[in-house]
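For reference, the structure discussed in these notes is given below.
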Amino acid sequence: AVNFLKFIGAAYLIYFAARTFFAKVELRFSVETGGKSKSSILHESVVVEVLNPKTALFFIALLPQFVDAAAPVAPQILLLGFIVTLTAIPCDLGVAVGAGKAARWLRGNVKPQKLQNRVSGEILLGLGAYVAIAGAKTRDTAGKCAVHQATSTIRNACSRSWRWLGWAVFHGTAE
């Protein structure tokens with residue numbers, strides 16, 4: 001029963017890989033925001049970040065080691081939190097501006113979208129193949145495990161795809 005479910009899952013991943021690999025690419029010049037205004041999107045993102053427990057854990061783990069116990073603690077923590085936030089803003093703005101430019105370029109260019117579909121399809125195909133052969137104990141004549149050989153082949157194929165993606169993005173062209 002477990003093997004049957006495993007092969008059904010592998011078949012689904014391989015089917016999804018083929019659909020992704022051969023999907024038609026359409027140019028998209030606008031982004032759907034679901035009818036939300038920019039201010040409501042900003043408000044929602046601030047609420048999510050403030051309520052994110054990882055943010056609190058970061059400040060709890062990092063800031064106390066820079067606090068002088070002889071002085072009032074609360075103002076020091078607030079000042080250090082403000083400094084961290086102030087130094088993160090330029091980085092966040094750089095990422096936002098860069099992502100916006102990259103998104104506009106990607107929406108207006110079919111080649112990188114097609115390349116993304118191909119790379120994603122290859123990865124899904126590799127995952128499907130891995131799921132299908134995972135747990136196999138067969139050995140070939142050289143004594144190497146069949147799973148090890150298959151995963152090496154998948155890893156090499158994905159590595160070639162990522163090298164091609166890097167070259168295509170660097171040179172601005174992708175076939």
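The A96 and F16 beta-carbon pair, evaluated with R₀ = 35 Å, returns a calculated FRET efficiency of approximately 0.65. Between K6 and L106, what is the FRET efficiency for a Förster distance of 35 Å, r being their Cβ-Cβ separation, to the nearest 0.05? E(calc), rounded to 0.05, equals 0.50.
Label-to-label distance, Q76 versus A134, with points set 7 angstrom from Cα along the beta-carbon direction: 4.8 nm.
For L51 and K114, what does the FRET efficiency come to when R0 = 25 Å and r is the distance between their Cβ atoms, rounded to the nearest 0.05?
Working: r = 39 Å, r/R0 = 1.54.
Step by step, r from the Cβ atoms, then E = 0.05.
When the alpha carbon gyration tensor of region 1-112 is reduced to an equivalent ellipsoid, the three semi-axes, largest first, read 43, 25, 14 Å. In this view, the solvent-accessible surface of S39, computed with a 1.4 Å probe and all protein chains in place, comes to about 80 Å². Computed about the Cα centre, the dipole magnitude for region 1-139 is approximately 920 debye when only Lys and Arg (+1) and Asp and Glu (-1) carry charge, each at its Cβ. Please compare each pair in K38/K101; K24/K101; K6/K54 to a cut-off of 29 Å on the Cα-Cα distance and tell me which ones are over it. From K38/K101; K24/K101; K6/K54, over 29 Å: K6/K54.
The values are calculated or read from the model by the stated rules, or taken from the named source; none is laboratory data. The structure displayed is predicted, hence computed values, not measured ones. When we count neighbours, we look across all protein chains shown, and the Cβ atoms used for this are built from the backbone with ideal geometry, even at glycine. Note: accessible area is taken over every heavy atom of the protein model, side chains too, but ligands, DNA and RNA are not part of it. Shrake-Rupley method; radii C 1.70, N 1.55, O 1.52, S 1.80 Å.
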